[in-house]
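To keep things clear, I will list the structure first and then write my remarks on it.
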Amino acid sequence: MEKMTRYEEVVHQAREAFHSGRTRDIEFRKKQLKALKRMYEENESMFCAALAKDLHKPKQESVLLELNLLKDDITHILARLDEWAKPEKIASNLVTMFDTPLIYHDPYGVVLVMGAWNYPLQLPLLPMSGAIAAGNCVIVKPSEVSPATAQTIAELIPKYLDSDCYHVVCGGIPETEELLKQRFDYIFYTGSPQVGKIIRDAANKHLTPTTLELGGKSPVYIDDTVNMDIAVRRIMWGKCINLGQTCIAPDYILCSKEVQEKFVNKAREVLKEWYTENPQKSPDLCRIVTDKHVSRLEEYLKDGTVAVGGEVDKEDKWISPTILVDVNPESKVMTEEIFGPIMPIVNVNSAYEAINFINKREKPLTLYIFTKHKDIPNLFLARTSSGSSCVNDTVIHLSVHDLPFGGIGNSGMGAYHGKASFDTFTHRKSCLIRNYNKIADAIGAKRYPPYSEGNMKFLSNMLKERAAPSLKYLPYLLTFGLGVASVFAVKEIAKAVGADDD
């Protein structure tokens with residue numbers, strides 16, 4: 001027998017573990033999730049050190065945007081897992097009125113989770129929690145571009161989780177290619193649209209379902225009604241965390257010339273307040289992940305006029321928070337995902353013009369709308385398509401656990417976070433449990449040959465979908481029913497009194 005490769009062995013071991021049935025046990029899943037949470041709690045300093053080494057990530061961003069998100073997600077899952085996992089009862093029709101239709105929540109089997117380098121801890125491990133909760137065995141592939149975090153994950157996971165069911169595979173492109181040759185039951189990938197297409201092609205070989213969490217250009221619309229001080233702080237915070245290397249970072253701004261002037265002036269003031277005159281020395285800003293990305297971002301500075309920032313230090317992998325004006329809408333900075341601290345501004349004269357601008361481009365992962373008008377958010381939400389949306393803030397919508405997070409079109413497919421993570425890694429299996437009932441059998445006998453016009457009409461009527469009764473007049477019917485009941489009650493009392501008198 002031909003010897004298996006390392007990747008075949010890993011997948012085979014996970015599949016054998018899944019077929020043993022141990023991950024189907026809810027208590028086993030809870031035990032693994034609690035162990036995973038304990039791993040985050042007991043190794044916070046180790047994870048923070050790895051994130052600082054890979055991205056110069058400040059402790060506050062490491063704790064709030066990676067570790068706390070992971071811990072709180074597990075707490076959220078554990079409080080609801082029993083309810084999520086139990087079979088779901090479904091309404092019957094007249095033919096199956098004596099039977100039990102159910103939806104079972106089955107795990108897919110062996111799933112592959114591939115994380116990205118920009119949030120190298122939470123991007124592979126947040127979906128892993130959902131996959132564990134759903135009862136799957138999991139193989140995690142952290143990003144090789146953040147090697148310190150990847151190595152930390154690989155070192156710690158076997159110490160806390162079942163080593164047959166859960167595996168970590170590290171490596172670069174060759175290792176990823178070999179891994180993708182294996183047959184998985186589900187693939188979850190976070191990264192770029194370009195690589196997402198490669199993942200999808202590999203999955204198609206085995207008709208493997210996939211979730212692709214990709215990127216894109218998330219626009220920000222600002223009108224002249226906003227409190228500019230608050231709006232600038234919320235927008236520039238979303239842009240500057242992780243030095244702009246966030247898939248849902250605000251990518252560009254659409255606003256009028258007048259709003260642009262106010263925004264730039266306030267942003268210059270706020271950035272100085274946050275990061276001093278020399279932001280490169282600030283402990284609160286990350287670094288660009290590789291030299292290649294620094295060179296890519298430096299090219300974008302040529303696509304407009306630098307109104308704020310613009311400093312580059314390749315040796316330090318540094319680009320300062322930058323605002324560009326006079327930007328050509330067809331330039332690279334406006335047609336490629338920026339993934340860095342550069343904020344271009346394009347001028348529009350109305351919300352309608354902004355909507356048209358957005359709709360001519362690929363569907364964004366997130367849409368941000370800043371306005372005090374009550375009708376403007378509804379206008380954008382009704383006339384544009386995006387993976388998610390947030391009004392009058394940025395990024396913070398990810399803190400709501402049961403808001404599904406995912407893209408649409410070029411920005412991805414599928415969703416996760418909270419219940420959506422459990423649903424993503426769960427197959428909803430339909431099941432009808434029939435009873436041996438004389439009435440049901442008499443009805444069912446109408447389906448057997450020899451066929452007749454009468455039986456056909458009878459079954460058609462029994463199987464016919466019926467609209468749910470309207471509850472509009474229910475209060476009146478209840479009042480009427482109570483009134484009628486009262487009349488009968490009074491008559492019965494009167495009879496009883498009359499009988500006593502006799």
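The values are calculated or read from the model by the stated rules, or taken from the named source; none is laboratory data. Please read all numbers here as calculations on a predicted model, not as lab measurements. In this analysis, Cβ positions are derived from the backbone assuming ideal geometry, glycine residues included, and neighbour counts consider all displayed protein chains. Only protein heavy atoms, including side chains, enter the accessible area calculation; ligands, DNA and RNA are left aside. Shrake-Rupley method; radii C 1.70, N 1.55, O 1.52, S 1.80 Å.
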*asked:* Being at pLDDT below 70 and either in contact with a helix residue (DSSP H, G or I) (Cβ under 7 Å, 6 or more places away or on another chain) or not in a helix (DSSP H, G or I) (or both) narrows it down to one residue among S470, S430; which is it?
replied: S470
*Filter pass, V348 being under 32 Å from the mean Cα position of the chain (by Cα) and within 19 Å of E258 (Cα to Cα)*: yes
*Can you name the number of the only condition in (1) touching a Phe, Trp or Tyr at 6+ places or on another chain (Cβ under 8 Å); (2) at pLDDT 95 or above; (3) open to solvent by 80 Å² or more (accessible area, probe 1.4 Å) that N378 fails?*
(1)
*Do we find a residue being of a type in the set (S, T, N, Q) and modelled with pLDDT of 95 or more anywhere in the range 61-73?*
yes
*Please go through the range 184-218 and pick out each residue that is in a helix (DSSP H, G or I) and open to solvent by 40 Å² or more (accessible area, probe 1.4 Å).*
Q194, V195, K197, I198, R200, D201, N204
*Looking at this structure, is K239 open to solvent by 10 Å² or more (accessible area, probe 1.4 Å) and farther than 30 Å from R6 by Cβ?*
no
*Here are some residues: E311, E277. Which one is of a type outside the set (K, R), out of contact with any Ser or Thr (no Cβ under 6 Å at 6 or more places or on another chain) and surrounded by fewer than 23 Cβ atoms within 10 Å (Cβ to Cβ)?*
E277
*For the range 226-235, does any single residue satisfy the condition of being open to solvent by 10 Å² or more (accessible area, probe 1.4 Å) and in a loop (DSSP other than H, G, I, E, B)?*
yes
*Kindly indicate whether Y221 is within 20 Å of P250 (Cα to Cα), assigned to a strand (DSSP E or B) and either under 25 Å from the mean Cα position of the chain (by Cα) or not basic (K, R) (or both).*
yes
*Enumeration of residues in the range 129-173 that are on the phi > 0 side of the Ramachandran plot and either surrounded by 24 or more Cβ atoms within 10 Å (Cβ to Cβ) or free of Cβ contacts under 8 Å to residues at least 24 places away in the same chain (or both)*: G135
